[in-house]
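**Q** Okay, here's the structure, questions in a sec.
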Amino acid sequence: MGYNYISDLKEFINSSVVNFLAVDTARNRLEAAGFVRLREEDSWAEIEPGGRYFVIKNDSAIFAFVVGDNAPEAGFRIITAHSDSPGFRIKPNAEIYCSDGTVKLNTEVYGGPILYTWFDRPLSIAGRVILSGPDPMRPITRLVKFERPLLTIPHLAIHFNRTVNDGIKLSKQKDMLPVIGRVEYKGDEKGLLTRLVAEELGVEESRILDFDLSLYDTSKATIEGLNGEYISSGRLDDLSMMHAALTALLESDNMNMTRVIAIFDNEETGSGTKQGAASPILHNILRRINNSIGGTEEDYFRAIANSFMVSADNAHGIHPNYPEKQDPTNHPFLGGGPVIKINANCKYMTDADSAAVFRTICQNAGVPFQYFVNHSDVAGGSTLGNILTSQIDLRGVDMGAALWAMHSVRETASVADHEYIIRAFIEFFNC
């Protein structure tokens, strides 16, 4: 291995506290490696075999590719992942003032977080801020990340709820509002958050038109376990797969076919946005690559028939306290290698053909592999893979790393698994 993948993963996750910053972190790495940014509104006529390019959609999805020397007919090797994670988004007019001067922020739950894991933690704010500019149709975008802890969601003391350890139903509107501080009432408290953001960015408050701001846990990723075998962090689902895909693209060197990574947004809310997997964005990018290098429509269809996609989204590792939640014979464990995900009702795109392909890739890379199938009494969710096949008829496999506490504010994964997956992804791109 060229460097310490786990140290790099920690750095990547610590920088990527929300979807916009995850894409910005990837953009910086791609540009440092010589990738050229393409914009959807511009001509792509200068694309050529051997070229390295990337596209950003809505500041929160990113697509990078290296055009193969035998493109388009050699096909595409594609790895997909997503940039978003469950959490809390700040609503407009967010300030809620209490009688004692305490200020809360009004938030909306994004996706499906484990709510109670967010209590009593050092939280802060990050995201995208939209500023006025000379062109009303093209406002200016700035990213913001408050490094210092600004907020907490305080839990109600056990003395006021003696049955709290027996389980309670949480209200997303009442129980989960973060406290930002206490102010003396002076009649101008409205707009506290906007003023705070303006000061952080060094811009006039009047220039702020809107924002997409979210909460994040300021605690850093850590290595844990008797032998340092676990990594614990927020957003492992799905930034660990985003990091693995990006690393494999940068470290692979097969110039035969076109290598692609597609990092979508809004997977946690159904992918139904212009930057989500249910949109035609990947289809459009692949078509434009084909057209820009002189491929015909027939060439494109042949390229798709020669292509393969790895849908990389994490899996549920068997929990040592709840083994009964897993399938009796297909229960992946942390450290057992990449997990091939299978579902009889086609919630995953994996079938016997694509599972065999990925299994062989793992074997050729010298890494173990394992399978995940839902317990038959437990419904499973869909992934990027089967959503994308409604847009493009690709062969492909759904896979991921085994996790504990998926959708918690902090999840746990295996150090070895991440290294295994990067090796498998490099082998996939190079085969």
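The values are calculated or read from the model by the stated rules, or taken from the named source; none is laboratory data. These figures come from a predicted structure and were not determined experimentally. Ideal geometry is used to build each Cβ from the backbone, glycine not excepted, and the neighbour counts take in all protein chains shown. To get the accessible areas, we keep the full protein, side chains included, count just its heavy atoms, and leave off ligands, DNA and RNA. Shrake-Rupley method; radii C 1.70, N 1.55, O 1.52, S 1.80 Å.
**Q** Quick one: dipole size for the chain, taken about the Cα centre, charges +1 on Lys/Arg Cβ and -1 on Asp/Glu Cβ, in debye to the nearest 20.
**A** Numbers: 40 positive and 55 negative charges, 136 e Å.
Computed charge dipole of the chain: roughly 660 debye.
**Q** How high is the relative contact order of region 216-319? Use alpha-carbon pairs under 8 Å, at least six apart in sequence, and give a whole percent. Provide the component values of the computation, followed by the final result.
**A** Values: 56 pairs, mean separation 17.9, N = 104.
Worked out over region 216-319, it gives 17 percent.
**Q** Moving on. Can you send over the solvent-accessible area of ARG77, 1.4 Å probe, protein chains only, in Å² to the nearest 10?
**A** ARG77 has an accessible surface of roughly 40 Å² with all protein chains in place.
**Q** Still on this structure, please answer the following. Can you give the alpha-carbon Rg of region 280-431 over 2.2 N^0.38 Å, where N counts its residues?
**A** Computed over Cα atoms of region 280-431, the ratio equals 1.13.
**Q** Here's a follow-up. Per residue of region 72-87, in order, report the coupling 6.51 cos²θ - 1.76 cosθ + 1.60 (Karplus, θ = phi - 60°) as ³J(HN,Hα) in whole Hz, putting x for Gly and Pro.
**A** Result, rounded to whole Hz: x, 5, 5, x, 10, 10, 10, 10, 10, 7, 9, 9, 9, 9, x, x.
**Q** Could you tell me the convex hull volume per residue, in Å³, taken over the Cα atoms of region 236-319?
**A** Details: hull volume 10.9 nm³, N = 84.
So the per-residue hull volume is 130 Å³.
**Q** Another question, if that's okay. With no solvent and one equal point scatterer per Cα, compute the Debye intensity ratio I(q)/I(0) for region 284-350 at 0.13 Å⁻¹ and report its log10, rounded to two decimals.
**A** Log10 I(q)/I(0), no solvent term: -0.59.
**Q** Something else about it: Per residue, how big is the convex hull of region 107-234 when only Cα atoms are used? Give it in Å³. Kindly include the intermediate steps, with their values, before the conclusion.
**A** On the way: hull volume 23.6 nm³, N = 128.
Output value, Cα hull per residue: 184 Å³.
**Q** Hey, rough spin-label estimate for ILE140 and TYR322, points 7 angstrom out along Cα→Cβ, what's it come to in nanometres?
**A** It works out to 4.8 nm between the two label points.
**Q** Please check which bits of region 42-63 a label hung off ASN284 would reach, taking the label as a point 7 Å along Cα-to-C-beta and the cut-off as backbone N under 19 Å.
**A** Only 42-47, 53-63 fall inside the zone, counting backbone N under 19 Å.
**Q** If all Cα-Cα distances of region 364-431 are sorted into 5 Å bins from 0 onward, what percent lands in each bin, rounded to whole numbers?
**A** The percentages, shortest bin first, are 3, 12, 16, 21, 22, 17, 7, 1.
**Q** Using only Cα atoms, find the angle between the long axis of helix 236-251 and the longest principal axis of the chain, and express it within 0 to 90 degrees, rounded to the nearest 10.
**A** Approximately 40 degrees, to the nearest 10.
**Q** Determine the relative contact order of region 1-78: mean sequence separation of Cα pairs under 8 Å and six or more apart, normalised by residue count, in whole percent.
**A** Working: 74 pairs, mean separation 18.6, N = 78.
The normalised contact order for region 1-78 reaches 24 percent.
**Q** In a Gaussian network model over the chain where Cα atoms closer than 10 Å are linked, find which of GLU46, GLU411, GLU108 has the largest mean-square fluctuation.
**A** Of GLU46, GLU411, GLU108, the most mobile in the Gaussian network model is GLU46.
**Q** Just read off the accessible area of HIS283 with the full protein assembly in place, 1.4 Å probe, to the nearest 10 Å².
**A** Spelled out: HIS283, probe radius 1.4 Å, area about 50 Å².
**Q** Can you pull the three principal axis extents for the Cα set of region 204-243, in Å, largest first?
**A** Answer, in whole Å and largest first: 53, 20, 12 Å.
**Q** Enter the accessible area per residue of the chain (Å², integer; probe 1.4 Å; all protein chains in place). Intermediate results must be reported in sequence, preceding the final value.
**A** Values: 18890 Å² over 431 residues.
Per-residue value: 44 Å².
**Q** Something else about it: For HIS319, what accessible surface area do you get with a 1.4 Å probe? Give it in Å², rounded to 10.
**A** Looks like 60 Å² after rounding.
**Q** Of all DSSP beta bridges located in the chain, what percent are antiparallel, nearest 5? It would help to have the intermediate numbers written out before the result.
**A** On the way: 50 of 75 bridges.
Antiparallel bridges make up about 65 percent of those DSSP assigns within the chain.
**Q** Moving on to the next point. Work out from phi, with θ = phi - 60° and the Karplus expression 6.51 cos²θ - 1.76 cosθ + 1.60, the ³J(HN,Hα) of each residue of region 420-431, listed in order in whole Hz, and give x for Gly and Pro.
**A** Going residue by residue, I get 4, 5, 4, 4, 5, 5, 4, 4, 4, 5, 8, 7 Hz, with x marking Gly and Pro.
**Q** Something else about it: Looking at the P(r) of region 208-273, how many percent of alpha-carbon pairs lie beyond 13 Å? Please list the in-between numbers first.
**A** Details: 1677 of 2145 pairs.
Tail fraction, whole percent: 78.
**Q** How far is helix 5-15 tilted, in degrees, relative to the longest principal axis of the Cα atoms in the chain, given as a value from 0 to 90 rounded to the nearest 10?
**A** 40 degrees
**Q** Around GLY68, what is the net charge, scoring Lys/Arg as +1 and Asp/Glu as -1 over all other residues with Cβ under 10 Å from its Cβ? Walk me through the numbers before you get to the answer.
**A** On the way: positive: ARG77, ARG259; negative: ASP69, GLU73.
Surrounding charge for GLY68 is 0.
**Q** Considering the options ALA81, ASN343, VAL409, tell which one lies farthest towards the positive end of the dipole of the chain, charges being +1 on Lys and Arg and -1 on Asp and Glu at the Cβ, about the Cα centre.
**A** VAL409
**Q** Additional query: Let me check the size of the chain from its C-alpha atoms; what are the radius of gyration and Dmax in Å?
**A** 22.5, 72
**Q** Which of HIS283, GLY225, ALA157 sits farthest toward the positive end of the charge dipole of the chain, with +1 on the Cβ of Lys and Arg and -1 on the Cβ of Asp and Glu?
**A** Toward the positive end, the furthest listed residue is ALA157.
**Q** Can you quote the Å³ per residue value for the convex hull of the Cα atoms in region 161-311, rounded to an integer?
**A** Values: hull volume 42.4 nm³, N = 151.
In region 161-311, the Cα convex hull volume per residue is 281 Å³.
**Q** Would you mind telling me the share, in percent, of accessible area of the chain contributed by carbon and sulfur at probe 1.4 angstrom? Could the numbers behind the result be given before it?
**A** On the way: 9160 of 18890 Å².
C and S fraction of accessible area: 48 percent.
**Q** Measure nothing but the geometry: give the 0 to 90° angle between the long axis through the Cα atoms of 192-201 and the longest principal axis through the Cα atoms of the chain, rounded to 10°.
**A** Its long axis makes an angle of about 50 degrees.
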